[in-house]
Amino acid sequence: MGTRLSDSEQYAHLWGTPELAEVFDERARLQSWLDIITALAVAQARLGIIPDGAAAQIAAHAHVQELDLDLLAVETRRTSHSMLGLINALHQVLPVSARGHVYVGATVQDVTDTWFALIMRDVGSVVWRDLRAIEERLLALAVTHRDTVMAGRTHGQPGSPITFGFKAASWADEVRRHLQRWSEGRPRWLVGQLGGAVGTLGFFAPRGAELRAEFCAELGLGDPGISWLTSRDRLAEFGAQLAMICGTLARIGNEVYELQRPEIGELREPTTGDTVGSITMPHKRNPEGSEHLDTLGRLVRANVAVLFEGMDGGHERDGRAWKAEWVALPEVCLLSGVALGTTLRLLSGLVVEAEAMRTNLDSLGDQAASEQMLARLTRRQGRYAAQRLMHDVLAPGSRDVHEVFDVLVAEGVVTEQDREQWTSWEPGDAGRMVDDVIARARRARSVEQSTWT
């Protein structure tokens, strides 16, 4: 039974996904550490540092199901060493002749930092897949609703007209930038760590750099070129990118949250007949998914702050920094995975109430055309005179003006013959921008890999 609410049977689905939970499961972590220890042995045997037979024995027995996990836990606590429990448990299943060749010249951080790189590879693949799926859904919304007019809103108040396709295209364009950053970050993030005591690989001199290259290649990771024991920018950047992605997803969620309000009623998130909004107020249809995206974004940003704290580590090794990452990085990844999955479900069943959008816009009267009126007045009277006039006409509390053009006629600045031109409006160049976003995304998707490679 989990001791944290986020681990409980009831609520775990809110804070992690089964797919990513497998990545961070204790047995999966231990197996990953064993794979890293095996890769080191194989690379060392290839360079003649340890016997080939010892490496083969380590590879044959370094499987979590062979280990006594109770012994592993006891030995970790007894020795107060983060890796010695695993090593001692592995020794128990190895021939005596191979035991002395386990983990030769390595440190805890060599294993755990390389594990971080493998985590970033696994999580990064999920993020790439889900982000591309989210983008595809957003592009479909942009195409379908390219010309679905609605009120644009600034500072929470209705303004000039836009289209819902324009809003969806804005989200899609932001997601496309995340995909670009994700692609660019891959070679920086997916590098192994083999530094030894202080990062100089002194134990293996003069073949340390050669061994590190072999070790990284064995795991399918890049060679960092220099040890990064206290250089934590890779993890901070990876986390920051996830925080930015979750920020975008929260922005989408907040729009649905706000526009689902009954007094607006322009969007509705998908639900099922079993969903209960409120026990005491049965009429309520709460925006559970969209508001949860905001919650997840806050938690991701909070945990990413811990990753940034690690960037000012001291000297050539600082356990204060990288041990905090053991808690923060999994949280960031698990929470981000939920945010991606929640957004996919939200967009897949999103209900767009086009009629409500138009009705809300029409309720503004010709105030929706005030920007166009100002532009036309500017050409007649000059910028400042036009702004003063429109301000006087629409000044808060001065008079209730629902039909602005009628007041301009009364002021004598326009004639009735101008009405059709001045009060008809189009949502600017929204359609053209939607088309541009869609075209750019389609071009990018046509040449990029569907998997994160």
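What follows draws every value from the coordinates through simple rules; no lab data is involved. Here the structure is a predicted model, which means the values were calculated and not measured. For neighbour counting, all protein chains shown are included, and Cβ atoms are generated from backbone atoms with ideal geometry for every residue, glycine included.
Worth a mention:
- Taking amide H as placed 1.01 Å from N in the peptide plane, I49 has no amide H partner under 5 Å among residues 5 or more places away or on another chain.
- Stretch gain in nm, segment A410-A444, where the contour uses 0.36 nm per residue and the Cα spacing is subtracted: 6.9 nm
- Scanning residues 5 or more positions from G159 or on other chains, those with amide H under 5 Å from its amide H are G152, R153, T154, with H placed 1.01 Å from N in the peptide plane.
- The chain: relative contact order in percent, alpha carbon pairs under 8 Å with at least 6 residues between: 18
- Estimated FRET transfer efficiency when R0 is 30 angstrom, pair A73-R320 (beta carbons, to 0.05): 0.80
- Taking every DSSP helix (H) stretch of at least 4 residues in the chain, weighting each as -39,500 (n - 2.57) and dividing the sum by the residue count yields a mean residue ellipticity at 222 nm of -20500 deg cm²/dmol.
- Overall, segment 108-360 carries a charge dipole of about 300 debye about its Cα centre when +1 sits on the Cβ of Lys and Arg and -1 on the Cβ of Asp and Glu, all other atoms neutral.
- Estimated dipole of the chain in Debye, rounded to 20 [Cβ of Lys and Arg +1, of Asp and Glu -1, Cα centre]: 820
- Rounded if a/c under 1.5, otherwise prolate or oblate - segment 63-114, Cα gyration tensor axes: oblate
- The peptide list 239-248, 404-413, 137-146, 57-66, put in order of mean Cβ contacts within 10 Å with the highest first, becomes 239-248, 137-146, 57-66, 404-413.
- Check: segment 51-176 dipole with +1 on Lys, Arg Cβ and -1 on Asp, Glu Cβ, in debye: 480
- Segment 416-422 - phi-based ³J(HN,Hα) in whole Hz, Karplus 6.51/-1.76/1.60, Gly and Pro as x: 4, 5, 7, 3, 4, 5, 7
- Cβ-based exposure ranking for S290, S227, S363, in which fewest neighbours within 10 Å come first: S363, S227, S290
- Each residue of segment 348-354 is assigned a 3J(HN,Hα), and the resulting list reads 5, x, 4, 9, 9, 8, 4 Hz, derived from the Karplus form 6.51 cos²θ - 1.76 cosθ + 1.60 (θ = phi - 60°), x at Gly and Pro.
- Listed values for segment 153-159 are Karplus-derived 3J(HN,Hα) couplings in whole Hz (6.51 cos²θ - 1.76 cosθ + 1.60, θ = phi - 60°), namely 10, 10, 6, x, 10, x, x, and x replaces Gly and Pro.
- Model label zone, R188; criterion: amide N under 20 Å from point 7 Å along Cα-to-beta-carbon; scope segment 205-227: 221-227
- Neighbour-count order for V74, V175, V332, fewest beta carbons within 10 angstrom listed first: V74, V175, V332
- I49, I134 arranged by Cβ crowding within 10 Å, fewest neighbours leading: I49, I134
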